[in-house]
1. Based on the mean of other Cβ atoms within 10 Å per residue, sort peptides 6-12, 27-33 so the most packed one is first.
2. Work out, step by step, the length gained on full extension between residue 6 and residue 33: first 0.36 nm times the residue separation, then minus their alpha carbon distance; give nm to one decimal.
3. Calculate what fraction, in whole %, of the accessible area of the chain sits on carbon and sulfur atoms when a 1.4 Å probe is rolled over the protein chains.
4. Using packing as a proxy for protection, rank 18-26, 36-44 so that the peptide with the highest average count of other Cβ atoms within 10 Å comes first.
5. Mind checking the per residue accessible area of the chain for me, 1.4 Å probe, whole number of Å²?
6. Return the Rg/Rh ratio of the chain with Cα-based radii and a Kirkwood Rh.
Amino acid sequence: MHENNWRKSSYSNINGDCVEITATLDAIRDSKDPDGPTLAVDVSMFVRSVQHGRFDR
């Protein structure tokens, strides 16, 4: 588990359904389950992929 500072998305819902990223931008987690699994990822590459519609259905 990462010991980094986690930052919550500014787009989070009032009920807290959102994701958090590490300050070092190398992991993502579900804010509702802070002790749960994390996804190791190049966050900047992931965000670019989302912005370019890579995960659109």
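1. Top to bottom by mean Cβ count within 10 Å: 27-33, 6-12.
2. 8.5 nm
3. Of the solvent-accessible surface of the chain, carbon and sulfur hold 51 percent.
4. Values: 18-26: 15.7, 36-44: 12.6.
Highest mean packing first, the order is 18-26, 36-44.
5. On the way: 4550 Å² over 57 residues.
Here the per-residue accessible area is 80 Å².
6. Numbers: Rg = 11.6 Å, Rh = 12.0 Å.
Reported Rg/Rh, Kirkwood definition of Rh: 0.97.
The values are calculated or read from the model by the stated rules, or taken from the named source; none is laboratory data. These numbers come from a predicted model, not from an experiment. Here Cβ is always computed from backbone atoms with ideal geometry, including for glycine, and neighbour counts include all displayed protein chains. Only protein heavy atoms, including side chains, enter the accessible area calculation; ligands, DNA and RNA are left aside. Shrake-Rupley method; radii C 1.70, N 1.55, O 1.52, S 1.80 Å.
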